[in-house]
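J.: Just passing along the structure, written as structure tokens.
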Amino acid sequence: MAQVADQAQKFVGGGILRKEDPELLTGAARFIDDMSIPGMLWVSFVRSPFAHATINSVDTSRAASMPGVRAVYSGADLADEWADGLPCAWPVTEDIKTPKHWPIAQDKARFAGDAVAVVVAETRPQALDAAETVDVDYEPLDVVVDMEAALADGATKVHDEFENNSSYVWNLDVGEVEQVFNDAAVVVKERYYHPRLIPNAIEPRGVICQPNPAQGEYTLYSATQIPHILKVTLALTLGLPEQKLRVVAPDVGGGFGSKLNVYAEEATCLALGRKLGVPLKWIETRSEGYLATIHGRDVIQDMEVAADENGKIAGVRANLLADMGAYLQLVTPGIPILGAFLYHGVYDAQAYSFTCTGVFTNKTPTDAYRGAGRPEATYAVERIMDALARRVGKDPVEIRRLNFLAPFDEAREVVTGLSFDSGNYDASLDKALDMFGYDDLRAEQQRRREAGDTKQLGIGVSTYIEMCGLAPSQVLASLRYVAGGWEAATIRCHPTGKVTVITGTSPHGQGHVTAWSQIVADELGVDFEDIEVLHGDTAISPLGMDSYGSRSLSVGGVALHYAAEKVVTKARTIAAHELEVSEEDLEYSGGTFSVKGAPDKSKTIPEIAFSAWTAHNLPEGTEPGLEETHVFDPPNFTFPSGAHLCAVEVDTETGMTNIVKYVAVDDCGKAINPTIIEGQVHGGIAQGIAEAMYEEAVYDENGVLMTSSMSNYRVPSAAELPTFEIDRTETPSTTNPLGVKGIGEAGTIASPPAVVNATIDALAPLGIDHIDMPVSPERVWAAIKNAGGSTVDARGAETTGAGSGTGSADAPGGGT
Amino acid sequence: MRRISLTVNGVKHDAMVEPRQLLVYFLREQLALTGTNVGCDTSTCGACTILVNGKSAKSCTLLAVQADGAEVTTIEGLASNGEMHPLQKAFHESHGLQCGYCTPGMIMASVDLIANNDAMSDEDIRMGLEGNLCRCTGYQNIVKSVQQAAGEMRSPAST
């Protein structure tokens with residue numbers, strides 16, 4: 001390993017410009033909707049307008065007679081197509097209730113948007129037109145929208161076959177939790193709600209199924225993050241021989257978890273391809289996606305900490321209700337569990353309790369959305385740290401430093417039993433405070449408070465940790481996840497000196513082609529431009545676990561490193577043979593083997609690749625060719641961390657909030673490409689600010705999605721977002737030889753509490769200590785009014801409100 | 001069906017279109033210019049932004065018949081003689097794109113923005129691109145890219 005890792009590095013660590021860009025910049029990229037196949041038909045879905053209804057009958061006759069229509073099917077018509085329902089790969093407890101989830105509903109619609117019929121026509125407009133004419137006789141049923149109402153005795157059941165709407169209860173208890181809380185000088189308890197979010201990758205989903213009836217083969221093109229997982233799961237769902245199925249992810253326009261699923265539309269297009277023997281295409285409309293693509297978050301947290309009178313934490317207790325929606329999609333129940341081990345954050349604790357109840361409601365299923373479980377955990381931890389600081393009269397920075405785990409560069413076990421790979425939480429906080437000008441901003445805050453300024457200033461701190469690099473397969477087994485967590489990479493050295501890299505990761509904007517080229521260029525000493533990276537096609541890269549959970553570099557990139565090491569090992573044997581020396585007499589650096597003491601006697605990797613191809617003079621027992629594959633199963637997770645600081649100005653007359661400064665110092669271990677990291681951090685923070693200030697999927701009491709299109713769900717534009725000042729610290733991971741941790745979700749995880757803590761800090765003089773996300777102007781204004789601040793009338797003369805500090809000042813239904 | 005005649009990226013086209021056909025689908029499906037993307041159905045996201053007679057327009061808000069007689073430029077028509085347009089170059093150099101789906105629309109909107117505004121602050125650019133959504137970049141490097149391109153397009157050397 002050392003021989004590769006220690007060599008002079010040219011590309012790794014540099015802000016190399018992306019190879020992916022030219023085709024994306026010129027319109028030459030091939031997204032799913034850019035593709036067509038001669039003779040291709042179009043698919044459109046009929047969706048229930050009711051959140052809960054019995055399907056009495058589906059009359060397809062009028063639709064079938066519409067121009068261009070080739071076929072119309074109800075759920076019952078397609079019932080024989082399925083060997084099983086859509087998969088849930090993470091049944092988190094032994095007794096979890098997992099409902100059958102047919103791609104097209106057969107008896108009942110269980111959320112508004114549940115597909116109830118499907119139309120196949122010659123053109124896109126014909127399919128859409130015909131779908132409007134399918135006559136479904138619904139009998140509307142009572143609806144459960146709210147999680148607590150869903151769990152109440154006698155509540156309407158989403159699934160009749162279960163005794164109630166609780167899907168599972170998952171629990172982790174460590175230490176003497178009850179005793180620690182009973183004995184504690186200070187106990188702080190708060191309730192937080194994470195709004196339901198709509199992921200909004202700018203490219204909608206889409207599918208093309210191309211059957212080859214003569215061979216019984218199928219190629220499924222899908223705007224997906226997970227072509228490999230799709231191949232396995234769809235083969236099972238359709239009872240299709242897996243060796244006959246190829247899944248391709250073309251250029252994919254963002255995912256954020258929303259394309260990390262096995263969707264009804266993918267299964268249905270494949271089934272229709274099998275039934276009709278012709279190519280078919282479906283492209284989601286945005287408003288359709290708001291109903292039919294998974295949502296994220298929607299979690300209620302009762303969060304408690306026990307501490308001594310100085311604010312030193314002894315115990316943590318979290319109790320969650322997590323909204324599953326109407327069905328369990330691919331990893332729906334597991335999302336809260338991805339945060340289950342992180343409710344003590346970067347702080348020391350002796351006792352720990354986490355419980356999560358998964359709840360069925362008549363809403364779109366939830367699943368992974370950028371951060372997946374860790375934003376929820378981080379928000380609860382970082383919000384309650386500020387509450388604890390207020391309780392014991394300490395500055396938010398001081399309370400964090402008091403409780404930080406001390407710096408460590410070897411893996412250390414923490415209260416949950418997990419082993420954090422490495423961490424230096426003071427280092428990132430120090431740097432962030434310096435960049436932020438923390439003391440100056442606190443002084444400015446004090447000045448405004450004393451002056452009774454109508455524009456108050458608040459400062460929010462978030463010193464987060466996350467857990468990625470999914471994952472050691474044995475740990476996944478213990479968590480009852482069905483698949484493994486390994487990743488694969490192949491390096492093929494061509495006789496002409498060029499290199500093909502085949503990766504099992506499936507990028508959709510992250511820049512793997514560039515980063516993977518950097519790793520291989522350095523390790524094999526080949527030209528960056530001479531490396532081709534192939535991905536996202538199960539026929540080309542048969543082994544893969546795909547891209548999600550910030551895993552691609554820390555698992556897939558590491559697999560690539562090990563594959564390079566194998567290439568070097570084989571090349572060394574050949575080089576020694578050709579140079580007529582022993583392998584120990586060779587030094588390897590920058591792609592060249594040279595004889596110790598005789599550096600003019602040398603061989604490069606491309607030279608050896610040619611020798612390996614001709615096979616004219618190979619050592620005994622050496623196979624021709626220079627191509628190696630490695631499958632890496634990580635021994636541990638990785639734990640990126642960092643410090644985000646936010647200053648928010650709140651207009652106490654109007655409730656308008658404005659981020660005036662945002663500083664982020666992230667520690668993702670060693671950097672492969674700082675420019676790509678910077679982009680990931682920017683985008684992550686933007687999505688976190690979106691959650692904190694703008695976005696929420698709102699349902700009415702009938703289960704109808706009120707924020708039903710992009711025009712009334714507030715994805716922020718450039719005009720709503722500030723400029724971020726960012727930097728990094730580097731604490732190498734001990735989990736892998738590259739020392740990398742992952743950065744894809746960090747910004748989304750860290751930023752919501754920084755923003756909300758800042759907003760609340762601005763309003764602290766009014767006695768306000770809680771506002772739910774999104775902290776929209778309406779909610780902030782309502783909080784000020786409810787606190788009796790009445791600064792609206794007093795024109796700033798009165799900035800001390802009721803000061804009761806009793807908390808929740810939520811304005812229901814806000815957020816737009 | 002209606003007959004229309006228009007120039008797209010310098011090439012004249014005569015075509016028969018359904019009166020209800022949106023311009024974006026005419027470009028994508030009849031002319032196979034798939035660089036212009038569709039990201040929503042409410043004219044919100046701006047992924048479909050093109051230039052119509054030199055002004056930026058969301059091509060999902062126009063019917064193909066409304067473009068009869070117009071001069072249209074799409075992302076495919078921006079590079080000249082194999083050289084990327086300064087905006088395309090700047091988006092590459094300043095890492096102004098990740099998944100790239102919003103990028104063609106973002107760049108076409110920026111062409112108009114730069115052409116119609118003198119020296120712009122970052123805030124001006126942010127306001128000017130309000131109609132174009134990006135979910136990957138957090139916009140910071142997009143603003144940087146537009147600043148870089150604006151500087152290059154206005155400097156005398158670039159003429």
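Just so you know, all these numbers are worked out from the coordinates, no wet-lab data involved. Source: prediction; values computed, not measured. Counting neighbours? That spans all protein chains shown, and the Cβs are built from the backbone with ideal geometry, glycine included.
J.: Per-residue HN-Hα couplings for segment A:431-440, Karplus 6.51 cos²θ - 1.76 cosθ + 1.60 at θ = phi - 60°, whole Hz, x for Gly and Pro?
T.: Per residue, the Karplus-derived 3J(HN,Hα) values read 5, 5, 4, 5, 5, 6, x, 4, 5, 5 Hz.
J.: Place a +1 charge on the Cβ of each Lys and Arg in segment A:120-227 and a -1 charge on the Cβ of each Asp and Glu, then give the dipole magnitude about the Cα centre in debye, rounded to the nearest 20.
T.: Computed about the Cα centre, the dipole is about 600 debye.
J.: Is there a pair in A:LYS231/A:LYS670; A:LYS19/A:LYS601; A:LYS431/A:LYS741; A:LYS19/B:LYS12 whose C-alpha atoms are over 25 Å apart, and which pairs would that be?
T.: A:LYS231/A:LYS670; A:LYS19/A:LYS601; A:LYS19/B:LYS12
J.: Hey, another quick one. To the nearest 20 debye, what charge dipole does segment A:402-446 have about its Cα centre, counting +1 at the Cβ of each Lys and Arg and -1 at the Cβ of each Asp and Glu?
T.: Using Cβ point charges on Lys, Arg, Asp and Glu, segment A:402-446 gives about 140 debye.
J.: Right, here's the next one. Rounded, prolate or oblate for chain A? Axes are the square roots of the Cα gyration tensor eigenvalues, ordered a ≥ b ≥ c, and the cut-off for rounded is a/c under 1.5.
T.: oblate
J.: Which three lengths, in whole Å and largest first, does segment A:270-327 cover when its Cα atoms are put on their principal axes?
T.: Taking max minus min along each principal axis of the Cα atoms, segment A:270-327 gives 71, 23, 18 Å.
J.: Hey, another quick one. Under 20 Å from the Cα of A:LYS785, which aspartates and glutamates turn up, not counting those fewer than eight places away in the same chain?
T.: Answer for A:LYS785, where 20 Å is the Cα cut-off: A:ASP453, A:GLU649, A:ASP651, A:GLU653, A:ASP761, A:ASP769, A:ASP772, A:ASP793, A:GLU798, A:ASP810, listed by chain and number.
J.: Which listed residue (A:PRO753, A:ALA782, A:PRO640) has the Cα farthest towards the positive end of the charge dipole for the protein assembly as shown, taking +1 on Lys and Arg C-beta and -1 on Asp and Glu C-beta about the Cα centre?
T.: Result: A:ALA782, furthest along the dipole toward the positive end.
J.: Another question about this same structure. From the cross-link list B:LYS55/B:LYS144; A:LYS498/B:LYS144; A:LYS10/A:LYS596; A:LYS281/B:LYS55; B:LYS55/B:LYS89, which pairs have alpha carbons spaced over 25 Å apart?
T.: Check vs 25 Å cut-off fails for A:LYS498/B:LYS144; A:LYS281/B:LYS55.
J.: Within chain B, what percent of beta bridges assigned by DSSP are antiparallel, to the nearest 5?
T.: Restricted to chain B, the bridges split so that about 90 percent are antiparallel.
J.: Okay, helix-only estimate at 222 nm for chain B: each DSSP H run of n ≥ 4 adds -39500 (n - 2.57), divide by all residues, round to 500 deg cm²/dmol; what do you get?
T.: -8500 deg cm²/dmol
J.: Just from its helices, what would the mean residue ellipticity at 222 nm be for chain A, if runs of 4 or more DSSP H residues each count -39500 (n - 2.57) and the sum is divided by every residue, rounded to the nearest 500 deg cm²/dmol?
T.: Rounded to the nearest 500, it is -8000 deg cm²/dmol.
J.: FRET efficiency for A:ALA406 and A:ALA443, Cβ-Cβ distance as r, R0 = 22 Å, nearest 0.05?
T.: Working from the Cβ atoms, E equals 0.15.
J.: With unit charges on the beta carbon (Lys/Arg positive, Asp/Glu negative), name the residue among A:ALA372, A:GLY216, A:PHE610 whose Cα is farthest towards the positive pole of the charge dipole of chain A.
T.: So the residue we want is A:GLY216.
J.: Looking at A:GLY437, A:GLY484, A:GLY423, which one has the Cα that reaches farthest to the positive end of the dipole of segment A:405-498 (charges on Cβ: Lys, Arg +1; Asp, Glu -1)?
T.: A:GLY484
J.: Separate question: Restricting attention to chain A, give the cysteines that have no other cysteine Cβ less than 4.7 angstrom from their Cβ.
T.: So, A:CYS88, A:CYS356, A:CYS468, A:CYS493, A:CYS646, A:CYS668.
J.: What nm distance separates the two modelled labels at A:GLU122 and A:GLU309, each placed 7 Å from Cα along Cα→Cβ?
T.: Here the modelled spin labels are 8.5 nm apart.
J.: Could you give the length gained by full extension between A:SER36 and A:THR156, i.e. 0.36 nm per residue of separation minus their alpha carbon distance, to one decimal place?
T.: Value of the extension gain: 38.7 nm.
J.: Please get the size of the charge dipole for segment B:2-77, origin at its Cα centre, with Cβ charges of +1 on Lys and Arg and -1 on Asp and Glu, quoted in debye to the nearest 20.
T.: So the magnitude is around 100 debye.
J.: 5 Å is the cut-off here: which amide hydrogens, built 1.01 Å from N in the peptide plane, fall below it relative to A:MET710, excluding neighbours closer than 5 in sequence?
T.: Here the answer is B:ASP41, since their amide H atoms fall under 5 Å of that of A:MET710.
J.: Okay, moving on. Within chain A, what percent of beta bridges assigned by DSSP are antiparallel, to the nearest 5?
T.: Roughly 80 percent of the beta bridges in chain A run antiparallel, per DSSP.
J.: Excluding residues on the same chain fewer than 8 positions from A:LYS189, give the lysines whose Cα lies under 22 Å from its Cα.
T.: Counting by Cα, and skipping residues close in sequence, A:LYS189 has these lysines nearby: A:LYS312, A:LYS394.
J.: Taking the alpha-carbon centroid of each part, what is the distance from segment B:8-75 to segment A:167-191 in angstrom?
T.: 59
J.: Straight-line reach only, C-alpha to C-alpha below 21 angstrom: list the lysines that A:LYS157 could link to, leaving out same-chain residues fewer than 8 apart.
T.: Qualifying lysines at Cα under 21 Å: A:LYS97, A:LYS100, A:LYS108, A:LYS363.
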